[in-house]
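K.L.:
Submitted below is the structure of interest, expressed as structure tokens.
The values are calculated or read from the model by the stated rules, or taken from the named source; none is laboratory data. Predicted model only: the values in this text are computed from it and were never measured. Using ideal geometry, Cβ is built from the backbone for each residue, glycine included, and neighbour counts are taken over all protein chains shown. Just the protein is used for accessible areas: all its heavy atoms, side chains included, with ligands, DNA and RNA removed. Shrake-Rupley method; radii C 1.70, N 1.55, O 1.52, S 1.80 Å.
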Amino acid sequence: MKISSSIFPFISIFIFLSISSVTPSDSDDFDDFLRCLPKQSDSSIPIANAILTPNNSSFQYIYQLRASNLRPLLSATSRPVAIITALHPSHAQAAVICAKRHDFQLRIRSGGHDFEGLSYTSDVSFVILDLFNLNSIDIDMSTETAWVQAGATTGELYYRIAEKSNVHGFPSGVCTTLGIGGHFSGGGYGFLMRKYGLSIDNVIDAQLIDANGRIINRKSMGKDVFWAIRGGGTTSFGIILSWRIKLVRVPPRVTVFTVQRTLEQGATELAYRWQQVAPKLPKDLFIRLQPEPINNGGNNKTVRVSFIGHFLGQADGLLRLMNVSFPELDLTRNDCLEMSWVESTLYWAGFSNGTSIDVLLNRVAVDKVFAKDKSDYYKAVIPKQGLETLWQVLMDIENIFVQMNPYGGRMEEISDSETAFAHRAGNLFKVLYGIQWSESEGGVNATARYVELSRRLYNAMAPYASSNPREAFINYRDLDIGSNESDETDFEDAKEYGAKYFRNNFIRLAGVKAKIDPENFFKNEQSIPPLPSH
């Protein structure tokens, strides 16, 4: 495995900070914690092989390797006292029991893509439970189901399905290094969402470790907990070990396309029209709108809008559909690429056409950057004036991109209370605003400036986005919308971000929390607190 060379200058700094995170007052508790672990795990697979402390030569490498966003990684005020790289489910159980017994906070990481780094940072003494090694995928084609462990990536899942069948797939994320544990727990969406909904809409069972270290499944956890972990952010309730999923049917050949237009080529009119068309298209067609600023030198700035499509069928059928539903885009046969479904996952992930699907087995993101991301839901069409506001802010900021993902189809059919994921009917599209910068552009020292720029774009779009509350997507964590301290979960503060992430489902989620984790062991800056008793 390789990590970005831009990280290496910070290694010596990391080691100093990591060692200093275990203070003398902590040392006795820490030693007791380490002695506790082997007593609570399966002796046939020694947990000693899974424990990394700051004195271990691999500690810093593993800490950095599975942290995708350098902003929280390099801004964090404390580092873990240990990383438990679980090799067996009992190692995860032991981490829960011993962390709880010896008063260490536990942060759970599967892929490390948490936008705010809450899976690998904290301001109090904490242990990372890293599930990356628990990555088995067991596919049963006779039932068209699979058990997928939390540490597996979306890319690995797509690859393993393709090994078995060219007419099956699964609705999940575009990025191929996402850890399945966290990705599914917040919903899990991708280019099949209009046809098959979210990942969680196709989850039929799960294995969860509760705050007492017990492994429970759908039957033993009960319907309320099973409801909560599908879209409620599992780490408020326990630790996902594995999900059982129902595979979905896809045709042997699908069609993808990318059409790009600049402002000078009528992009504003097309983007305005896309909002009206994309959520109403047949379920087999998904078209993402992605505007980005481009600079042709000097003050010659413009915005290029990409229309990125995925059609569950062949090009001829797509062209007939587009000629009726969205002729303004002027899609041609030359724009279309036919391929297998698994090859289309590479297309969406940004790999060049013809790349071997073996890249899906690369489990770690290599090109790491500093990033700040925010999200929005839109229930009404953005007027052309609003689009022009968006274009202007993009051109002013430059280091920013926007992704607009259409709703409609299957997302309209599922009740907002069927799972904890509440953003269903009534939404036209969901938006990701992402601002990224490198070490050469200021690195951690430029964080305040770039975060402020992201807020500027977010504020500019406020008149057009959802309101009361302004909704947000939990898989795009954003501490700006409300948070708690690392070791506190004030209910009033939680209601603020809870309403944005979960709408009317928040109170029910807090009630589930009170049942399964009444002592609030599983917590982070945006976790769900137990519902107060009255």
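K.L.:
I need the trypsin sites (Lys or Arg not before Pro) found in segment 164-236, filtered to DSSP loop residues with at most 15 other beta carbons within 10 Å of theirs.
P.N.:
Sparse-neighbourhood loop trypsin sites (Lys or Arg not before Pro): Arg214.
K.L.:
About the Cα centre of segment 382-440, how large is the charge dipole given +1 on each Lys and Arg Cβ and -1 on each Asp and Glu Cβ? Please answer in debye to the nearest 20.
P.N.:
Charge dipole, segment 382-440, about its Cα centre: 160 debye, nearest 20.
K.L.:
Right, here's the next one. Students often get this wrong: which residues of segment 180-211 have the backbone nitrogen under 13 Å from the point 7 angstrom along Cα-to-C-beta of Asp140?
P.N.:
Answer for segment 180-211: 204-206.
K.L.:
With every protein chain left in place, what is the accessible area per residue of segment 40-130 in square angstrom, probe 1.4 Å?
P.N.:
29 Å²
K.L.:
Rounded if a/c is under 1.5, else prolate if a/b is larger than b/c, else oblate: which is segment 346-431, with a ≥ b ≥ c the root eigenvalues of its Cα gyration tensor?
P.N.:
Judged from the Cα gyration tensor, segment 346-431 comes out oblate (a/c at least 1.5, b/c at or above a/b).
K.L.:
Let me ask another. Working from Cα positions, state the angle (0 to 90°, nearest 10) between the long axis of helix 315-325 and the longest principal axis of the chain.
P.N.:
70 degrees
K.L.:
Based on the Cβ-Cβ distance of Asp358 and Gln260, what FRET efficiency does E = 1/(1 + (r/R0)^6) give at R0 = 30 Å, to the nearest 0.05?
P.N.:
0.55
K.L.:
Over segment 217-284, give the accessible area per residue in Å² for a 1.4 Å probe, as an integer.
P.N.:
With the other protein chains kept in place, segment 217-284 gives 39 Å² per residue.
K.L.:
With a/c under 1.5 counting as rounded, go ahead and sort segment 137-249 into rounded, prolate or oblate using the C-alpha gyration tensor (a ≥ b ≥ c being the square roots of the eigenvalues; past the cut-off, prolate if a/b is larger than b/c, else oblate).
P.N.:
Prolate shape, in that a/c is at least 1.5 and a/b is the bigger ratio.
K.L.:
Express the carbon and sulfur contribution to the solvent-accessible surface of segment 400-488 as a percent, rounded to the nearest whole number, probe 1.4 angstrom.
P.N.:
Carbon and sulfur: 43 percent of the exposed surface of segment 400-488.
K.L.:
Name the cysteines of the chain that stand alone by the Cβ rule: no other cysteine Cβ under 4.7 angstrom.
P.N.:
When partners are defined as cysteine Cβ atoms under 4.7 Å apart, the chain leaves Cys175, Cys336 without one.
K.L.:
Right, another one. Compute the length gained on full extension between Asp205 and Asn468: take 0.36 nm times their separation in residues and subtract their Cα-Cα distance, giving the result in nm to one decimal.
P.N.:
Extra length available between Asp205 and Asn468 comes to 91.3 nm.
K.L.:
Can you tell me the accessible area per residue over segment 484-534, all protein chains present, probe 1.4 angstrom, in square angstrom?
P.N.:
Roughly 46 Å² per residue, with all protein chains present.
K.L.:
Over segment 208-354, with every protein chain in place, what whole percent of the accessible area is carbon and sulfur at 1.4 Å, could you tell me?
P.N.:
With neighbouring chains kept in place, the figure for segment 208-354 is 43 percent.
K.L.:
Given R₀ = 30 Å, FRET efficiency for Glu412-Val444 by Cβ-Cβ distance, to 0.05?
P.N.:
0.10
K.L.:
Counting other Cβ atoms within 10 Å of each Cβ, which trypsin sites (Lys or Arg not before Pro) in segment 71-151 have at most 15 and sit in a DSSP loop?
P.N.:
Hits after loop and neighbour filter: nothing returned.
K.L.:
Shifting gears a bit: Tell me the angle of helix 154-164 to the major Cα principal axis of the chain, expressed in degrees between 0 and 90 and rounded to the nearest ten.
P.N.:
Rounded to the nearest ten degrees, it is 80.
K.L.:
Next question. Probe radius 1.4 Å, ligands and nucleic acids ignored: give me the carbon and sulfur share of the accessible area of segment 129-193 as a rounded percent.
P.N.:
Carbon and sulfur atoms account for 44 percent of the accessible area of segment 129-193.
K.L.:
Still on this structure, I have one more. Compute the relative contact order of segment 137-249 as a whole-number percentage, counting only Cα pairs closer than 8 Å that sit 6 or more residues apart in sequence.
P.N.:
32 percent
K.L.:
Mind checking the angle between helix 24-39 and the chain's longest principal axis? C-alpha axes, 0 to 90 degrees, to the nearest 10.
P.N.:
90 degrees
K.L.:
Can you give the FRET efficiency to the nearest 0.05 for Glu492 and Val124, using r as the Cβ-Cβ distance and R₀ = 22 Å?
P.N.:
0.60
K.L.:
Here is a follow-up. Determine the gain in length on full extension of the stretch Asn217-Arg320; use 0.36 nm per residue of separation and subtract their C-alpha separation, reporting nm with one decimal.
P.N.:
So the extension gain works out to 32.5 nm.
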